[in-house]
């Protein structure tokens, strides 16, 4: 089901700025046993990102009504998507003032689980991710880099594509954040020039600190993937997904997961991931 400003609908105004210019942002949330996981963290991030774009976020009451109408309370497992655009504004990039933001909420089936016996592969995307410090970290609607990178998807055995910037630094995956383990140290790319600051990424960092795991948030060179002891990606839908092998010009297998499995258990127990 899709709701537009709280009403069931299947189409949107052709003049909507989210459609025309990618002028907006979105949030993807997991539902388990009738509850949106990490809802408070998702809405806090959504509110911060909306403020950075100069958008008024929907009220908690409006979202509560939407979730009720979408039947979230009856869903065992599902995915909820929330989109906020600047609304309709006609031609031209200049934002309308005042704007009339448009809220789109929808519920979707939980994706089929991967084969647990098959290797979880990742590849290095040829298409680079664009850099812009002004929008770094925001889950905005401009996803063309991710679309073009995902067009490279080798086959169903691959769970993710890892994206670097134009200088060759690792940033994120097409739909998730990336973590490497070097020895006992957890490393994730700094997102000051590109990438999405994911809710599960933040939770991983928080739990790692609580467990006393040495952690580095910094620029990560592409070559570090060739020496990592462990690699995993994180998102609300993927959870904490360990990568068992990298494919491409220099394929290599990664050691059996250890820290990733521990963090997955921690986040599942805390109700952050399904």
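How many residues, within segment 198-227, are buried (at least 19 other Cβ atoms within 10 Å of the Cβ) and part of a loop (DSSP other than H, G, I, E, B)?
Adding up the residues that qualify gives 1.
Here is a list of conditions, (1) in contact with a strand residue (DSSP E or B) (Cβ under 8 Å, 6 or more places away or on another chain); (2) within 29 Å of residue 112 (Cα to Cα), and residue 49 meets all of them except one; can you say which number that is?
Just one mismatch for residue 49, condition (2).
Has segment 46-64 got at least one residue that is surrounded by 18 or more Cβ atoms within 10 Å (Cβ to Cβ), in contact with a helix residue (DSSP H, G or I) (Cβ under 6 Å, 6 or more places away or on another chain) and either closer than 20 Å to residue 272 by Cα or modelled with pLDDT of 95 or more (or both)?
So far as segment 46-64 goes, yes, one or more of its residues are surrounded by 18 or more Cβ atoms within 10 Å (Cβ to Cβ), in contact with a helix residue (DSSP H, G or I) (Cβ under 6 Å, 6 or more places away or on another chain) and either closer than 20 Å to residue 272 by Cα or modelled with pLDDT of 95 or more (or both).
Being in a loop (DSSP other than H, G, I, E, B), more than 16 Å from residue 247 (Cβ to Cβ) and in contact with a strand residue (DSSP E or B) (Cβ under 7 Å, 6 or more places away or on another chain) is the filter here, so list the residues in segment 130-158 that pass it.
Pass one, segment 130-158, residues in a loop (DSSP other than H, G, I, E, B): 130-136, 138-139, 141-143, 151-157.
So of that shortlist, the ones also more than 16 Å from residue 247 (Cβ to Cβ) come out as 130-136, 138-139, 141-143, 151.
Of everything in segment 130-158, those that are in a loop (DSSP other than H, G, I, E, B), more than 16 Å from residue 247 (Cβ to Cβ) and in contact with a strand residue (DSSP E or B) (Cβ under 7 Å, 6 or more places away or on another chain) turn out to be 131, 138, 139, 141.
Does any residue in segment 128-155 that is in contact (Cβ under 8 Å) with a residue 24 or more places away in the chain come within less than 7 Å, Cβ to Cβ, of a residue that is part of a helix (DSSP H, G or I) and surrounded by 16 or more Cβ atoms within 10 Å (Cβ to Cβ) six or more places away or on a different chain, and which pairs are these?
Going by the 7 Å Cβ cut-off, the qualifying pairs are 129/145; 130/145; 138/49; 139/49; 141/18.
Of all strands (runs of 3 or more DSSP E) completely enclosed by segment 71-129, which ones contain at least 2 residues that are at positive phi, buried (at least 19 other Cβ atoms within 10 Å of the Cβ) and outside the structural domain of residue 168 (by TED's automatic domain parsing)?
Numbers: elements: 77-85, 102-109, 121-124.
Per the criteria, no element qualifies.
Tally time: how many residues in segment 212-230 are modelled with pLDDT under 95, over 21 Å from the mean Cα position of the chain (by Cα) and closer than 23 Å to residue 267 by Cα?
Residues meeting the conditions: 2.
Keeping to segment 247-263, report how many residues are surrounded by fewer than 20 Cβ atoms within 10 Å (Cβ to Cβ) and at pLDDT 90 or above. Quick ask: steps written out before the conclusion?
To start, the set of residues in segment 247-263 that are surrounded by fewer than 20 Cβ atoms within 10 Å (Cβ to Cβ) comprises 247-253, 255-256, 258, 261-262.
Imposing the further condition that a residue be at pLDDT 90 or above reduces the set to 261-262.
The total comes to 2.
Go through segment 9-31 residue by residue and tally those that are part of a strand (DSSP E or B) and under 18 Å from the mean Cα position of the chain (by Cα). Don't jump to the end; show me each part of the working.
Taking segment 9-31 first, the residues part of a strand (DSSP E or B) are 16, 24-31.
When the remaining residues are screened for being under 18 Å from the mean Cα position of the chain (by Cα), the result is 24-31.
Total satisfying the criteria: 8.
Could you say which residue among 233, 237 is at pLDDT 90 or above, in contact with a strand residue (DSSP E or B) (Cβ under 7 Å, 6 or more places away or on another chain) and in a loop (DSSP other than H, G, I, E, B)? Even if it seems obvious, please write down each step before you answer.
Numbers: 233 fails: in a loop (DSSP other than H, G, I, E, B).
Only one candidate passes the filter, namely 237.
The values are calculated or read from the model by the stated rules, or taken from the named source; none is laboratory data. Predicted model only: the values in this text are computed from it and were never measured. Note that each Cβ is placed from the backbone with ideal geometry, even for glycine, and that neighbours are counted across all protein chains shown.
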